[in-house]
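Data first, discussion second: the structure below is written as structure tokens.
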Amino acid sequence: MDGKIGWGRPNGRATLEKLVSFIEGHPAQPVFRISMEGVEQIDASFASEAIVELIRRYRGQKGICLVDLLDLEVQFNISVAAARVDVPIAVWRDGVVEIIGGQPSQGNREALEYALTRSQARAAELAETKDYSIANASTKFKQLWEQGFLMRNESAADSGGVEFVYRRIG
Amino acid sequence: MATLAQPAECVLTLPAAWVDAAKFERALWLCGDALGGPCTGVVVQVPAGCKPMVEVIVRLLSFCNQACLMTKRVRLQFADDDQAAMGYLDRMGFFDHLSPSVEVSPSRPAVSGARLHRGGNSGLVEIARFSGTEPAEDSLVVRLAETARNSCSGRPDVAALHNAVFTILCELIGNVVEHSGSPLDAFAVLQTYPRGNKVRIAVSDSGFGVLETLRPALRKKGDPMAVLGDVDLLVEMFRKGVSRYDDDNRGTGLMACAAHAIRFKADLDVRLLRGRVLLKPAETEYQPNMAYLQVGLPLMWGTHIAFTLNLA
């Protein structure tokens with residue numbers, strides 16, 4: 001994308017290549033924050049190729065989120081493109097994260113809201129707070145991670161062994 | 001053995017009134033199958049008092065250029081005693097894009113009104129031409145969307161309107177370039193009514209036709225949507241996005257258009273090769289039970305889509 005406006009699939013693909021090239025050039029970096037500062041207008045096809053496809057491609061491997069997205073009309077087009085293929089996108093504003101595009105199932109919504117309001121979350125904590133079984137809480141977080149709502153890392157559990165720590169993207 | 005005389009000439013007479021897509025189709029139907037039939041010439045009569053709407057103007061332009069490409073003699077006749085219609089078409093740049101083979105009477109404007117007055121009217125945009133196969137320039141959609149923003153600058157929803165116009169034009173123009181496969185130029189036009197409550201956007205191409213390229217591809221990949229009727233398939237294209245490619249990122253364009261259009265309760269008018277579908281908005285989306293279908297219409301190549309955004 002050159003300048004402040006991006007539209008059309010060919011331009012979107014060209015931008016995707018640049019973004020992929022940048023990410024591949026930083027293999028050890030787990031999280032990428034894409035600044036939308038200065039972007040005045042993009043259509044849904046551009047958003048689909050450049051942003052949604054990028055996030056989908058690295059789902060489960062890298063955390064990619066959007067920042068400086070102040071124009072709600074630009075956000076509308078990104079959200080439409082992402083919703084169509086059920087890709088959630090984390091958007092950060094003033095220290096608060098919002099998920100646009102793909103949305104969680106009704107059953108996982110509460111678990112996602114829990115995870116989004118803290119820097120990290122474990123299934124055991126969710127289970128205790130929301131009165132779920134550990135297995136149920138663990139399944140919800142796992143699904144949210146697989147679907148691209150959360151990132152996760154392995155961590156040593158208090159009881160020994162390994163447990164997963166889930167984090168917001170960004 | 002008796003033989004029927006084939007008409008050498010088809011006559012398309014536009015009404016002496018405002019002409020919307022429905023009235024244009026009625027006139028075309030009365031004219032006969034000018035493009036699909038054996039006639040060798042087409043006469044288009046524009047009487048005094050005829051005021052074609054922008055979506056009709058670009059369809060008429062495509063129709064005339066298609067007839068010329070099919071080596072038919074095309075004559076465009078304006079009333080001698082009323083130059084208003086010709087002046088209006090001239091101001092929009094109609095004659096700049098009309099095939100030189102079309103005979104115009106009394107005569108073509110000596111100097112293009114669109115070139116003389118370009119940009120002088122915030123409510124009217126000249127017809128924008130773009131190749132049916134080459135990427136359009138960025139400035140084309142930016143200029144059209146800016147016009148919508150400037151002419152509606154006092155409205156609280158001007159940002160949404162600007163984005164709607166930008167997105168709809170981007171997506172429709174992108175689709176034409178990618179799918180139409182036509183050597184003929186395509187056209188985009190926008191008209192705002194500063195004191196009114198509507199914005200009209202129309203894109204017209206002369207390609208294979210949206211369903212003619214989509215349905216065989218769906219059939220080939222075994223997609224169940226291949227068996228849907230025209231209305232149902234079109235509604236699915238606007239509701240969920242349907243693509244002829246396996247890549248599920250594709251098909252976003254028309255769905256995004258609809259997502260914007262529904263915010264303005266827009267009517268969607270789609271002219272197919274031999275049919276026309278008018279989609280009326282339901283609460284939050286377009287639905288088959290709010291669609292009106294005309295079939296068995298005279299041939300027009302390409303896809304001709306018009307959005308009428310209703311401003312509250």
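The values are calculated or read from the model by the stated rules, or taken from the named source; none is laboratory data. Note that the structure is predicted; figures quoted are calculated from it, not measured. Cβ atoms come from the backbone with ideal geometry, glycine included; neighbour counts cover every protein chain shown.
When you check A:F149 against the structure, is it touching a Leu at 6+ places or on another chain (Cβ under 9 Å), within 21 Å of B:D248 (Cα to Cα) and either surrounded by 13 or more Cβ atoms within 10 Å (Cβ to Cβ) or more than 14 Å from chain B (Cβ to nearest Cβ) (or both), yes or no?
For A:F149, the condition - touching a Leu at 6+ places or on another chain (Cβ under 9 Å), within 21 Å of B:D248 (Cα to Cα) and either surrounded by 13 or more Cβ atoms within 10 Å (Cβ to Cβ) or more than 14 Å from chain B (Cβ to nearest Cβ) (or both) - is met.
Condition check for A:N77 on (1) more than 10 Å from chain B (Cβ to nearest Cβ); (2) modelled with pLDDT of 95 or more: one failure, at (1).
Answer yes or no as to whether B:I201 is surrounded by 19 or more Cβ atoms within 10 Å (Cβ to Cβ) and within 11 Å of chain A (Cβ to nearest Cβ).
On the way: surrounded by 19 or more Cβ atoms within 10 Å (Cβ to Cβ): yes; within 11 Å of chain A (Cβ to nearest Cβ): no.
Here the answer is no, as B:I201 does not meet what is asked.
Give A:S138, A:S45, A:S119 a once-over and let me know the one that is of a type in the set (S, T, N, Q), within 27 Å of A:F22 (Cα to Cα) and part of a helix (DSSP H, G or I). Only one candidate qualifies: A:S45.
Give me a count of the residues in the stretch B:278-312 that are hydrophobic (A, V, I, L, M, F, W, C), assigned to a strand (DSSP E or B) and surrounded by fewer than 21 Cβ atoms within 10 Å (Cβ to Cβ).
Taking the stretch B:278-312 first, the residues hydrophobic (A, V, I, L, M, F, W, C) are B:278-279, B:282, B:290-291, B:293, B:295, B:297, B:299-301, B:305-307, B:309, B:311-312.
Right, trim to assigned to a strand (DSSP E or B) and you get B:278-279, B:290-291, B:293, B:295, B:305-307, B:309.
Now restrict to residues that are surrounded by fewer than 21 Cβ atoms within 10 Å (Cβ to Cβ): B:278, B:290-291, B:293, B:295.
Adding up the residues that qualify gives 5.
Would you check if A:E40 is closer than 23 Å to A:G12 by Cβ, buried (at least 18 other Cβ atoms within 10 Å of the Cβ) and in contact with a helix residue (DSSP H, G or I) (Cβ under 8 Å, 6 or more places away or on another chain)? So A:E40 fails the test. Restricting attention to the stretch A:122-134, the residues being part of a helix (DSSP H, G or I) and in contact (Cβ under 8 Å) with a residue 24 or more places away in the chain number 2. Would you check if there is a residue in the stretch B:79-86 being among the polar types (S, T, N, Q) and either buried (at least 22 other Cβ atoms within 10 Å of the Cβ) or modelled with pLDDT of 95 or more (or both)? Checked the stretch B:79-86: no residue is among the polar types (S, T, N, Q) and either buried (at least 22 other Cβ atoms within 10 Å of the Cβ) or modelled with pLDDT of 95 or more (or both). Given the condition closer than 14 Å to B:V199 by Cβ, over 19 Å from the mean Cα position of the chain (by Cα) and free of Cβ contacts under 8 Å to residues at least 24 places away in the same chain, answer yes or no: does some residue in the stretch B:144-152 qualify? Taking every residue of the stretch B:144-152 in turn, at least one turns out to be closer than 14 Å to B:V199 by Cβ, over 19 Å from the mean Cα position of the chain (by Cα) and free of Cβ contacts under 8 Å to residues at least 24 places away in the same chain. For the stretch A:1-54, which residues satisfy the criterion of being among the aromatic types (F, W, Y) and more than 9 Å from chain B (Cβ to nearest Cβ)? Result: A:F22, A:F32.
For the stretch B:286-298, the criterion of being away from chain A (no Cβ under 12 Å), among the aromatic types (F, W, Y) and within 22 Å of B:H179 (Cβ to Cβ) is met by at least one residue.
This table checks each residue for (1) outside the structural domain of A:S155 (by the TED database); (2) within 28 Å of B:E178 (Cβ to Cβ); (3) of a type outside the set (D, E, K, R).
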residue: A:T15; (1), (2), (3): yes, yes, yes
residue: A:I42; (1), (2), (3): yes, yes, yes
residue: A:I51; (1), (2), (3): yes, yes, yes
residue: A:R59; (1), (2), (3): yes, yes, no
residue: A:L72; (1), (2), (3): yes, no, yes
residue: A:A124; (1), (2), (3): no, no, yes
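Has the stretch B:270-291 got any residue that is modelled with pLDDT of 90 or more and closer than 22 Å to A:W7 by Cα? No: the stretch B:270-291 contains no residue that is modelled with pLDDT of 90 or more and closer than 22 Å to A:W7 by Cα.
Step by step: first the residues of the stretch B:230-257, then only those that are assigned to a loop (DSSP other than H, G, I, E, B) and small (G, A, S), then the one that is farthest from the other protein chains (Cβ to nearest Cβ). Which residue is that? Break it down into steps so the answer makes sense when it comes.
Narrowing the stretch B:230-257 to residues assigned to a loop (DSSP other than H, G, I, E, B): B:240-251.
Checking the rest, the ones that are also small (G, A, S) come to B:241, B:243, B:251.
Numbers: B:G241: 5, B:S243: 11, B:G251: 8 Å.
Once the filter is applied, the top-ranked residue is B:S243.
Looking across the stretch A:66-116 at every residue that is touching a helix residue (DSSP H, G or I) at 6+ places or on another chain (Cβ under 7 Å), of a type in the set (D, E, K, R) and within 19 Å of B:G253 (Cα to Cα), the one that is surrounded by the most Cβ atoms within 10 Å (Cβ to Cβ) is identified as A:R84. Scanning the stretch B:262-271 turns up no residue that is without any contact (Cβ under 8 Å) to a residue 12 or more places away in the chain, assigned to a helix (DSSP H, G or I) and of a type outside the set (S, T, Y).
Going residue by residue through the stretch B:175-188, is there one that turns out to be closer than 30 Å to B:V227 by Cα, within 14 Å of another protein chain (Cβ to nearest Cβ), surrounded by 20 or more Cβ atoms within 10 Å (Cβ to Cβ) and modelled with pLDDT of 85 or more? Scanning the stretch B:175-188, I find at least one residue that is closer than 30 Å to B:V227 by Cα, within 14 Å of another protein chain (Cβ to nearest Cβ), surrounded by 20 or more Cβ atoms within 10 Å (Cβ to Cβ) and modelled with pLDDT of 85 or more, so the answer is yes.
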